[in-house]
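The values are calculated or read from the model by the stated rules, or taken from the named source; none is laboratory data. Predicted model, so just to flag it, every value in this text is computed and none were measured. All Cβ positions, glycine included, derive from the backbone under ideal geometry; neighbour counts span all protein chains shown.
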Amino acid sequence: MAISFSSDKEAVDALAQRYQQSLKEVQQIIIGQDEIVKAVLIGVFSNGHCLLVGVPGLAKTLLVQTMGRVLDLSFSRVQFTPDLMPGDITGSEILDDQKQFRFIQGPLFANIVLADEINRTPPKTQSALLEAMQERQVTVAGKRYELPKPFFVLATQNPIEQEGTYPLPEAQLDRFMLNVWLDYPSFEDELRVVKQTTTDKQPVVNKVIGAEEILYFQQLVRRMPIADNVLEYAVKLANKTRPNSQYATADTNKYLSWGAGPRASQYLTIGAKCHAALSNKYSPDIEDVQAVAVNILRHRIVLNYKAEAEGLKADDLIKKLM
């Protein structure tokens, strides 16, 4: 059945309502991570991929699995290891009993793909994932296969353990719309987590929204109007991160080796529109750009040795630029 609303205003109201319903369902499993859930949903409704960074045990995998159930989307999980080959995730051709080559789909053929510990696999396999993320397709034996729509890669990464890892190249990091950091829960939240997970009661999570409606809302977000001054703010913010550029600040020239590219400006605009829609606003303002800026820019800027020597973090610099 086709999704339709009498106006975009009514559709934005519906999107904000679906967001609140989704958040309520996820909260039954994931406690105290509302901002993280919101960031992932911004990625979903903006048709972008998310990189979840945090130490082990912060429910990154559980969050993605729960999102798959709430969004009523097909879900697959890939545990990335040093011996993982491209064919293990894209699929491969086999010779069947009729002596005909037949393509067997890999785990990438799902709406939500959880790439667990993405930095533990070699560049060859990371490259296969890069094509899927950017082109929404895979190429096997010279043939292209379209991936299902919608398609999201939600990857996890452990920032502490770096032995035996293959750091993601800048080109692949740039394909992630959002880089979301998960921190330890508060004492009260951790108390609730322990109470909930050490009994035999399992919360029931209901499906809130399906693939067809998500695709509709993705187009809705892109149709949202944006004022010229807000658009200029988003583009100027990305420009401020580029050393020796027109809008570079003193801190930019002092602490950054490289800044964010044009894709950052695009994602800041789309992210601001989506953040506004989830807040039941019909057009984004500068506060909406600022709300998504840290998650969008933190993996697109490269700090130099001066910043490291002074203990400056990417988040600190982004907040200064805003």
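Annotations
- Entry remark, segment 60-76: residues being among the small types (Gly, Ala, Ser) and free of Cβ contacts under 8 Å to residues at least 60 places away in the same chain number 2 in total.
- The set of residues in segment 117-128 that are assigned to a loop (DSSP other than H, G, I, E, B) and crowded, with 18+ Cβ neighbours inside 10 Å comprises GLU117, THR121.
- Residues of segment 129-136 include none that is of a type in the set (Asp, Glu), surrounded by fewer than 16 Cβ atoms within 10 Å (Cβ to Cβ) and in a loop (DSSP other than H, G, I, E, B).
- In this entry, VAL153 passes the filter for residues that are within 15 Å of the chain's Cα centre (by Cα) and in contact (Cβ under 8 Å) with a residue 40 or more places away in the chain.
- Search result, residues across segment 34-68 that are basic (Lys, Arg) and modelled with pLDDT of 85 or more: LYS38
- Residue in segment 140-152 that is surrounded by 13 or more Cβ atoms within 10 Å (Cβ to Cβ), closer than 26 Å to ALA260 by Cα and basic (Lys, Arg) present: no
- Only listed residue being of a type outside the set (Ser, Thr, Tyr), assigned by TED's automatic domain parsing to the domain that holds LEU71 and in contact with a Cys (Cβ under 6 Å, 6 or more places away or on another chain), chosen from LEU130, LEU147, LEU154: LEU154
One line per residue, one yes/no per condition, for (1) modelled with pLDDT under 95; (2) of a type outside the set (Lys, Arg); (3) surrounded by 23 or more Cβ atoms within 10 Å (Cβ to Cβ); (4) in contact with a helix residue (DSSP H, G or I) (Cβ under 6 Å, 6 or more places away or on another chain):
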{"residue": "TYR216", "(1), (2), (3), (4)": "yes, yes, no, no"}
{"residue": "LEU220", "(1), (2), (3), (4)": "yes, yes, no, yes"}
{"residue": "LYS240", "(1), (2), (3), (4)": "yes, no, yes, yes"}
{"residue": "PRO243", "(1), (2), (3), (4)": "yes, yes, no, yes"}
{"residue": "TYR247", "(1), (2), (3), (4)": "yes, yes, no, yes"}
{"residue": "LYS281", "(1), (2), (3), (4)": "yes, no, no, no"}
{"residue": "LEU297", "(1), (2), (3), (4)": "yes, yes, yes, yes"}
{"residue": "TYR305", "(1), (2), (3), (4)": "yes, yes, no, no"}
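- The residue list LEU191, LEU231, LEU182 contains one member that is surrounded by 16 or more Cβ atoms within 10 Å (Cβ to Cβ) and either more than 25 Å from LEU114 (Cα to Cα) or in contact with a Cys (Cβ under 7 Å, 6 or more places away or on another chain) (or both), which is LEU231.
- Condition met for ARG298 (basic (Lys, Arg), in contact (Cβ under 8 Å) with a residue 24 or more places away in the chain and under 25 Å from GLN219 (Cα atoms)): no
- Some residue of segment 174-193 being within 20 Å of the chain's Cα centre (by Cα) and small (Gly, Ala, Ser): no
- Among residues of segment 249-259 being more than 25 Å from VAL40 (Cα to Cα) and not charged (D, E, K, R), the one that is surrounded by the most Cβ atoms within 10 Å (Cβ to Cβ) is LEU256.
- The selection criterion, being more than 25 Å from PRO284 (Cα to Cα) and either in contact (Cβ under 8 Å) with a residue 12 or more places away in the chain or surrounded by fewer than 17 Cβ atoms within 10 Å (Cβ to Cβ) (or both), does not hold for LYS236.
- Failed criterion for LEU15 (all others in (1) outside any helix (DSSP H, G or I); (2) under 22 Å from the mean Cα position of the chain (by Cα) hold): (1)
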